[in-house]
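Undergrad: Please read through the structure below; I'll follow up with questions.
The values are calculated or read from the model by the stated rules, or taken from the named source; none is laboratory data. This is a predicted model, so every value here is computed, not measured. Cβ placement follows ideal geometry from the backbone for every residue including glycine, while neighbour counts extend to all protein chains displayed. Each accessible area value is taken on the protein alone, full model and side chains, heavy atoms only, with ligands, DNA and RNA left out. Shrake-Rupley method; radii C 1.70, N 1.55, O 1.52, S 1.80 Å.
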Amino acid sequence: TTDTRIIAPAVEYYKHHGSEDSKAKSFYYLGRVQQNAKDYNLAIVSFTEAEESAEKALDNKYVGLSCRNISHIANETYQYREELKYAEKEEKAFRKYGDYGYHSHSKMDLAIACNNNMDFARSQQLYQEIIDTAKVMKDTTLMAGCLRYYAAQLIEGTVKDYEKGIHMMEYVSDTLFYPLTAADYGILARAYSQIGDINETDKCLDSADR
């Protein structure tokens, strides 16, 4: 939803009553509604309020959730230093929270942020850690998501490895049986064109158009 009237009464109440934890949750959900409406400045204010209250309540889950969404907004608005700052805080909070799923995906956010800030070595190290964890946990969804992002970085980033990127995308599709998106096929087409495989380039472009 994008209608803040749904959550506004709860936010107004918990500003002055109840626990810091309840205040954190009400501001977090207000931020999500504002984010859905692309009111990013207001959303950041709400997520910051949520983060501060969650810290007072020692609620690492909502610290992590709030920082995650600020980081995502920074990514969407090309504020990459802020993206990295809040991705760091997100990963730290979810590491303390101790939930495997939240922490694994926070490391993915951090890897993307490191890549956007030209820290390619750290980004690749984080991707590899996520892949190793996904193998141990037999988490094919996490594995597929990580490999898609990692492959895109190898194909489109500053430090390129077209063959490795192609192999990763094909592994997602052919071994993990996760469908590639139009954007994935566009990235694959670019990789194949760079290594001179015109037939595969054309196939990928056809798939991207479907």
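Undergrad: Could you please give the count of residues in region 6-30 that are more than 17 Å from Lys56 (Cβ to Cβ) and in a helix (DSSP H, G or I)?
TA: 8
Undergrad: Cβ contacts < 9 Å: first residue free of Cβ contacts under 8 Å to residues at least 40 places away in the same chain and farther than 19 Å from Arg68 by Cβ, restricted to region 7-34; second residue among the aromatic types (Phe, Trp, Tyr) and open to solvent by less than 20 Å² (accessible area, probe 1.4 Å), any location; separation 6+ or different chain. Result?
TA: Close Cβ pairs satisfying both conditions: Val11/Phe27; Tyr14/Phe27; Lys15/Phe27.
Undergrad: Another question, if that's okay. Every residue in region 168-182 that is in contact (Cβ under 8 Å) with a residue 12 or more places away in the chain and either over 20 Å from the mean Cα position of the chain (by Cα) or surrounded by 14 or more Cβ atoms within 10 Å (Cβ to Cβ) (or both), please.
TA: Residues satisfying the conditions are Met168, Met169, Tyr171, Val172, Leu176, Tyr178, Leu180.
Undergrad: In addition: For region 103-210, give me every one of the helices (runs of 4 or more DSSP H) that falls completely inside it and has 3 or more residues that are hydroxyl-bearing (Ser, Thr, Tyr) and under 24 Å from Lys61 (Cα atoms).
TA: 120-137
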